[in-house]
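Take a look at the structure below.
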Amino acid sequence: AQEVWVGTDDGNLQVTRDGGKTWTLLTDRLPGAPTNTWVSYVEPSRHSAGTAYVTLDGHRNNDMSPYVFITTDFGESWTAANTEGIEAYCHVIKEDLMNPNLLFVGHEWGLAVSLDGGQNWVPFKGNMPMVSVRDLAFQPQTSDLVMATHGRGIFILDDVTPIRGLTEEVIQQDLAFLPGRPSYIRGVAFEQSYSGDNEYSGPNPTSNAVAYYYQKKRHIFGAMTVEVLDKDGEVLAELPAGKRKGVNQVNWVPRRPAPKVPTSSALSRGAVFGPSYPPGTYTVRVTKKDGVYEGDLVLEYAPNSPHSIADRESQRLAIEESYQVLEDLTVLGEQVKALLKDIDELDGALRGRAAKQLDQLEADLTTIQNQLIPKYEGPGISGEERLREKIAQAYGAIARYDGKPTDSQLEQLENGKAELAVVQEEFDGLVRGTLTSVNKALEKAGKEPLQLRTREDILEEE
């Protein structure tokens with residue numbers, strides 16, 4: 001509280017270490033600083049007592065050069081930083097909250113970054129336009145860097161944690177994973193907006209799970225893959241590989257595919273998105289010709305959720321259960337549908353008692369099918385409520401709300417499970433009885449027996 005730095009528009013730089021009782025003029029100690037050049041910013045270090053960073057802006061005197069100075073002894077001596085890589089006169093300099101070697105300079109044409117305490121600078125590109133960056137601020141909870149520009153509004157660099165991890169040791173490696181903030185499990189949301197306010201807003205940060213890796217050189221030749229694995233080593237996703245030199249970002253949607261439902265011309269509502277993967281630490285694996293590299297991706301429940309962890313877990317388990325029930329329903333529905341299709345192609349293949357058995361099998365399978373999916377053959381929503389609709393609606397209702405499922409939702413799911421179990425038993429009885437008899441008759445007549453589609457075949461079908 002006793003240390004105060006002051007820079008003025010006529011080139012004076014002063015410091016007090018006793019709360020303003022006495023001041024020391026430091027202007028003449030800045031090596032190579034032009035006289036009367038505006039001191040545009042002073043940044044005392046958060047990490048080292050006596051360290052401070054200063055930028056000068058001489059454009060009012062037709063001097064467009066960048067000036068950056070660093071002291072480590074309260075201004076007794078100064079070093080003029082190498083400013084190659086800073087493309088114009090400087091408005092602001094900031095030291096990172098966590099890494100004292102990481103510096104950011106806002107200048108008239110954009111943003112420059114130093115990883116080594118100001119010895120070397122590189123322009124920050126990304127999708128940053130050539131614009132005057134007048135001020136910088138860190139958002140400590142999210143590790144974002146907020147940039148105030150002249151004429152282009154506010155830009156936010158989401159999560160500087162990976163940049164903090166770009167140490168001298170890391171940048172000498174061929175490929176290295178970088179630290180990042182945890183990724184959060186978020187509920188399904190649908191945007192509602194008014195187009196008239198579009199020009200005043202920017203896109204939100206991605207809701208995907210994100211990991212970062214650094215490459216010393218651009219990958220040009222040979223295959224390069226990125227995979228996400230769970231704790232048991234199962235591959236959950238294969239993703240496009242970032243091949244450029246520098247920092248690459250892996251974006252993973254941490255959700256399973258939408259549950260399969262029995263096919264029908266009538267639209268099924270509810271089961272349109274998959275459940276989130278559970279919280280935990282996942283492995284991101286990059287494979288290329290010269291080696292295999294692995295890093296961690298941490299998935300957590302969103303900290304701003306109004307629901308307790310216990311309630312979120314209740315919801316997750318209910319979604320997993322309803323997902324499994326929908327898969328069971330789909331397998332049964334597609335088995336029935338395939339059998340009916342094959343029976344239709346057997347027209348006239350059997351005679352006498354066997355033909356009657358085949359007709360009865362077709363009638364019984366049609367009855368089962370009508371319990372599972374709507375009879376409606378047109379497009380859109382049928383209005384008929386079959387088992388598919390009941391279970392899919394229960395799944396959708398549970399999945400759309402991040403908190404504990406309601407008693408009525410769980411009851412709807414249990415009722416659907418019970419009804420499905422009854423229909424499954426009816427089908428299993430047909431398989432053991434009538435289907436077996438029909439297949440014996442088909443084999444006797446020299447025809448191929450009716451085959452049940454396998455669960456694996458149905459669930460792996462695109």
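Just so it is clear, none of the values below were taken in a lab; they were calculated from the coordinates. The structure presented is a predicted model; accordingly, all values stated were derived computationally and were not measured. Please note: Cβ atoms are built from the backbone with ideal geometry, for glycine as well, and neighbour counts cover all protein chains shown.
The table that follows gives values for the structure above.
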quantity: Qualifying lysines (Cα of each under 17 Å from Cα of LYS447; at least 8 residues distant if same chain); calculated: LYS341, LYS356
quantity: Inter-probe distance in nm under a simple model that places probes 7 Å from Cα toward Cβ, at GLU426 and LEU229; calculated: 4.6 nm
quantity: Footprinting exposure proxy for ASP230, ASP57, ASP73 (fewest neighbouring C-beta atoms within 10 Å first); calculated: ASP73, ASP230, ASP57
quantity: Trypsin sites (Lys or Arg not before Pro) lying in DSSP loop within segment 92-173, provided at most 14 other Cβ fall within 10 Å; calculated: LYS125, ARG152
quantity: Span-like helix ranges in the chain, DSSP H, alpha carbon extent 24 angstrom or more, Kyte mean at least -1.0; calculated: 309-344, 352-372, 407-430
quantity: Farthest positive-ward along the chain dipole, Cα basis, beta-carbon charges - from ILE343, PRO123, VAL325; calculated: ILE343
quantity: Sparsely packed trypsin sites (Lys or Arg not before Pro) within segment 268-310, loop by DSSP, other Cβ within 10 Å at most 13; calculated: ARG269, LYS289
quantity: Proximal lysines to LYS245, defined as alpha-carbon separation beneath 29 angstrom and excluding residues fewer than eight positions away on the same chain; calculated: LYS94, LYS125, LYS216, LYS217, LYS288, LYS289
quantity: Net dipole in debye of the chain [+1 Lys, Arg Cβ; -1 Asp, Glu Cβ; about Cα centre; nearest 20]; calculated: 580 debye
quantity: Net lengthening on full extension, MET64/GLU461 (0.36 nm per residue, minus Cα-Cα); calculated: 136.6 nm
quantity: Expected 222 nm ellipticity per residue - DSSP helices of 4 or more, -39500 (n - 2.57), all of the chain, to 500; calculated: -8000 deg cm²/dmol
quantity: FRET efficiency, 1/(1 + (r/R0)^6) with R0 25 Å, evaluated for ARG186 and ILE309 via beta carbons; calculated: 0.95
quantity: Segments 413-426, 203-216 sorted - mean Cβ within 10 Å per residue, highest first; calculated: 203-216, 413-426
quantity: Within the chain, percent of DSSP bridges classed antiparallel, to nearest 5; calculated: 95 percent
quantity: Given (i) 114, 69, 53; (ii) 113, 49, 39; (iii) 70, 58, 45, the label whose value is Cα extents along the principal axes in Å derived from this model; calculated: (ii)
quantity: Cβ-based net charge around LEU350, under 12 Å, with every Lys or Arg adding one and every Asp or Glu removing one; calculated: +2
